Amino acid sequence: MPWTLIVYAYVASALAGILCGSTGVLASKLGLRTVAFSMSHAAMAGAAIGLYAGLNPEAVAFILAAATAVALGPLAEHTRIHSELVSMALFSGYTAMAFIFTYLSPGTALSTRTLSLVFWGSVLAVTPGYIILLLTSIVSIALLLLSFWPQLSTIFFDRKIAEAEGINTKAYIYMATIISGITVIMVLKLVGGFLVFSLLYTPAAASTKIGRTLRGMIASSALLGLLSGMLGVTLSLVADLPVGACISLSSTVILLITILKEAR
Amino acid sequence: MDPKHGTRGNIRTVLEFTDVWTRYSGEKNPVLRGVTLHVEEGEFTLITGPNGAGKTTLIETGIGLLRHERGTVKLLGLPPTSREARLKIGYLPQDFMKDPYEPYTARQVVEMAFSSYRKPLSNLTPQQLEAVDRAMSLIGVKELAYKSFGKLSAGQQQKVLMARVLARKPKILFLDEPFSSLDHKSRLRLSTMLSKLNREEGATIIMVSHDLSTIPEACTRIVEMQDGKIVGVKRCHGP
């Protein structure tokens, strides 16, 4: 493998880890844990639909995942069903669609590069443009978090009180849903739809054992995400295994270490 | 009466319920059933009744956390979901208990009182910081300032939230069972403080309590609820 590709893989996995780690804390604090499931599976369904219909699978994957991110909040509001439940219902529907359209796709759909990218992720998908996109996402999300930190931390603490005190909680929840959606879409190529949520929530879970303040939790989750990404790429390169699975495994090992460290 | 501003002569109606019905999503039976209640500025109203009478639902409908399906609710002459109205209220929820791993100190929780006023990237003003200090001293939780909120006892958490309500200097206080986790001494202290707040600063107080063993001195009337209806209104003290 060319060394430039290796460098790109390390940089992208580190950035994806930071992005997922920080967004994971945000999503879990706001009760948006299942959003990642519906979004990643929307992308998988989109890729399968693209293949079946002869459209650009990546573009359809992106459109369906982005549409899910935007529609989820209003959908939950309109149906008066909790967003977590709406999200899980969509997740099941998208999984079914992904399987059906893959099955119906002409030829060897499962072996196509695009479908495997969306399903399993690959370091081969990393380009300088992708790294710039990841970096832009991190900077944009960091700016949003910094700008609205008082309102967000108040909602994290208690949504009901925040709403009663005049904070437009719905707007912030929608914003967080869209941020989670962007994160999932951005990281999908590297980690794959089946495992993207492990990079979102495993560092977030480990950060609860390390961070004493909310800022500390976000920072430590981002750092653990970065570590998971770097370790995962190393394992993937050394053992010639799929990168998404290796990153996911690394984050699980890191979580276990933090739990054991706390137990001692 | 001026319907827009909810005024009657010099008296202003700050909370207005007219034939209000509220039902929880997916429930067959409404919790509030045709409630009509007017609270005037400066009043201290105690809402009482057995469990399931609709006391908390009344408060949550009044501040727009629950949507009513029939009738009219006005908070400071505005819809209860209006930001303008909500910026002028303080709300203490019932049975509030956070898990021990909540990553906030008690002081951070009180400082959240001002989050709804803050502009992006702004810090708390010196006046707001002073209001936080004053409210924490008044409630007697200043020594808990840098302790983890989640690790405080239920009574201490309730006091910290009460300090948060007071820091905002609200025009109307909606307090849902504020004495429920407090010991006798703390109840008396809070009761005296609420009376003082009502009499000296003219704050309107709407307080839910199923326990009438501690009725604040300034309380003006008791509204009794049962099965989602108001079944009686009487004076707090005297005949």
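Given DSSP loops and a limit of at most 10 other Cβ atoms within 10 Å, what is the longest stretch of chain B that contains no such trypsin sites (Lys or Arg not before Pro)?
Values: sites that count: B:Lys4, B:Lys28.
That would be B:29-239.
Quick check: the distance between the Cα centres of the stretch A:133-166 and the stretch B:105-183, to the nearest angstrom?
20 Å
So which residues of the stretch B:29-73 lose at least 10 Å² of accessible area, probe 1.4 Å, when you go from the chain by itself to every protein chain present?
Residues of the stretch B:29-73 that lose at least 10 Å² of accessible area once the other chains are added: B:Glu60, B:Leu65, B:Arg67.
Taking a 28 Å limit on the Cα-Cα distance, which of the listed pairs B:Lys28/B:Lys55; A:Lys170/B:Lys171; B:Lys98/B:Lys234; B:Lys88/B:Lys151; A:Lys189/B:Lys119; A:Lys170/B:Lys234 fall beyond it?
Values: B:Lys28/B:Lys55 19 Å; A:Lys170/B:Lys171 25 Å; B:Lys98/B:Lys234 36 Å; B:Lys88/B:Lys151 30 Å; A:Lys189/B:Lys119 37 Å; A:Lys170/B:Lys234 39 Å.
Pairs exceeding 28 Å: B:Lys98/B:Lys234; B:Lys88/B:Lys151; A:Lys189/B:Lys119; A:Lys170/B:Lys234.
Quick one: with all protein chains in place, what share of the accessible area of chain A is carbon or sulfur, to the nearest percent (1.4 Å probe)? Could you put the intermediate results ahead of the total?
Numbers: 8250 of 11230 Å².
Answer for chain A is 73 percent, counting heavy atoms of protein chains only.
Can you give the Rg/Rh ratio of the protein assembly as shown, where Rg is from the C-alpha atoms and Rh is the Kirkwood radius? Spell out each step's value before the answer.
Values: Rg = 26.5 Å, Rh = 25.0 Å.
We get a ratio of 1.06 for the protein assembly as shown.
Can you pull out the chymotrypsin sites (Phe, Trp or Tyr not before Pro) in the stretch A:193-264 whose DSSP state is coil and whose Cβ has at most 14 other Cβ atoms within 10 Å? Don't jump to the answer; show the numbers that get you there.
Details: sites: A:Phe194, A:Phe197, A:Tyr201; in loops: A:Phe194.
Counting only loop positions with at most 14 other Cβ atoms within 10 Å, none of the chymotrypsin sites (Phe, Trp or Tyr not before Pro) in the stretch A:193-264 qualifies.
For A:Phe148, A:Phe119, give me the order by solvent-accessible area with a 1.4 Å probe, most accessible first, ignoring ligands, DNA and RNA.
The ranking, largest first, comes out as A:Phe148, A:Phe119.
Assuming R0 = 25 Å, can you tell me the calculated FRET efficiency for the pair B:Leu188 and B:Lys234, based on Cβ-Cβ distance, to the nearest 0.05?
On the way: r = 23 Å, r/R0 = 0.91.
With a Förster radius of 25 Å, E is 0.65.
Sequence gap at least 6, Cα distance under 8 Å: using those rules, report the relative contact order of chain B to the nearest whole percent.
Working: 480 pairs, mean separation 65.0, N = 239.
About 27 percent, as a whole number.
For B:Thr36, list long-range residues whose amide hydrogen, built 1.01 Å from N in the peptide plane, is under 5 Å from its own amide hydrogen.
B:Asp19, B:Val20, B:Ile230
Quick one: order A:Ile138, A:Ile247, A:Ile210 from most to least accessible surface, probe 1.4 Å. If you can, show how the numbers build up before the last one.
Working: A:Ile138 35, A:Ile247 0, A:Ile210 80 Å².
I get A:Ile210, A:Ile138, A:Ile247, largest accessible area first.
How big is the antiparallel share of DSSP beta bridges in chain B, given as a percent to the nearest 5? Before the final figure, lay out each step's value.
Working: 24 of 41 bridges.
So the antiparallel bridges in chain B amount to around 60 percent.
All other residues with a Cβ under 11 Å from the Cβ of B:Gln128 taken together, and with Lys, Arg as +1 and Asp, Glu as -1, what is their net charge? Let's see the in-between values first.
On the way: positive: B:Arg118, B:Arg134, B:Arg168, B:Lys169; negative: B:Glu111, B:Glu130, B:Asp133.
Every neighbour counted, the sum reads +1.
What Kirkwood hydrodynamic radius do you get for chain A when you take the inverse of the mean 1/r over all pairs of distinct Cα atoms, in Å? Walk me through the numbers on the way to the answer.
Numbers: mean 1/r = 0.0539 Å⁻¹.
For chain A, inverting the mean 1/r across all distinct Cα pairs yields 18.5 Å.
Among DSSP bridges having both ends in the protein assembly as shown, what percentage is antiparallel? Round to the nearest 5.
Values: 24 of 41 bridges.
The antiparallel fraction comes to roughly 60 percent.
Placing unit charges on C-beta atoms (Lys and Arg positive, Asp and Glu negative, everything else neutral), compute the dipole magnitude of the stretch A:106-264 about its Cα centre in debye, rounded to 20. Write out the running numbers ahead of the final one.
On the way: 10 positive and 5 negative charges, 34 e Å.
It comes to approximately 160 debye.
Relative contact order for chain A: what percent, with Cα pairs under 8 Å and sequence separation of 6 or more?
32 percent
Which of the chymotrypsin sites (Phe, Trp or Tyr not before Pro) found in the stretch B:144-239 are in a DSSP loop and have at most 16 neighbouring Cβ atoms, other than their own, within 10 Å?
Values: sites: B:Tyr146, B:Phe149, B:Phe174, B:Phe179; in loops: B:Tyr146, B:Phe179.
For chymotrypsin sites (Phe, Trp or Tyr not before Pro) across the stretch B:144-239 that sit outside H, G, I, E and B with at most 16 neighbouring Cβ atoms in 10 Å, the list reads B:Tyr146.
Charges only on Cβ, +1 for Lys and Arg, -1 for Asp and Glu: so what's the dipole of chain B about the Cα centre, in debye to the nearest 20?
360 debye
Mean Kyte-Doolittle of at least 0.0 and a Cα length of 24 Å or more along the axis: which whole DSSP H helices of chain A meet both? Provide the component values of the computation, followed by the final result.
On the way: long enough: A:3-29 (39 Å, 1.33); A:35-53 (26 Å, 1.31); A:57-79 (30 Å, 1.14); A:83-104 (31 Å, 1.25); A:128-147 (28 Å, 2.21); A:169-191 (32 Å, 1.58); A:214-239 (37 Å, 1.63); A:243-263 (30 Å, 1.72).
Result, helices passing both filters: A:3-29, A:35-53, A:57-79, A:83-104, A:128-147, A:169-191, A:214-239, A:243-263.
How do A:Tyr130, A:Tyr172 rank by accessible surface area computed with a 1.4 Å probe, from largest to smallest? Please list the in-between numbers first.
Details: A:Tyr130 10, A:Tyr172 35 Å².
Largest accessible area first, the residues go A:Tyr172, A:Tyr130.
The values are calculated or read from the model by the stated rules, or taken from the named source; none is laboratory data. This is a predicted model, so every value here is computed, not measured. Because the Cβ atoms are built from the backbone with ideal geometry, glycine has one as well, and the counts that use them run over all protein chains shown. To get the accessible areas, we keep the full protein, side chains included, count just its heavy atoms, and leave off ligands, DNA and RNA. Shrake-Rupley method; radii C 1.70, N 1.55, O 1.52, S 1.80 Å.
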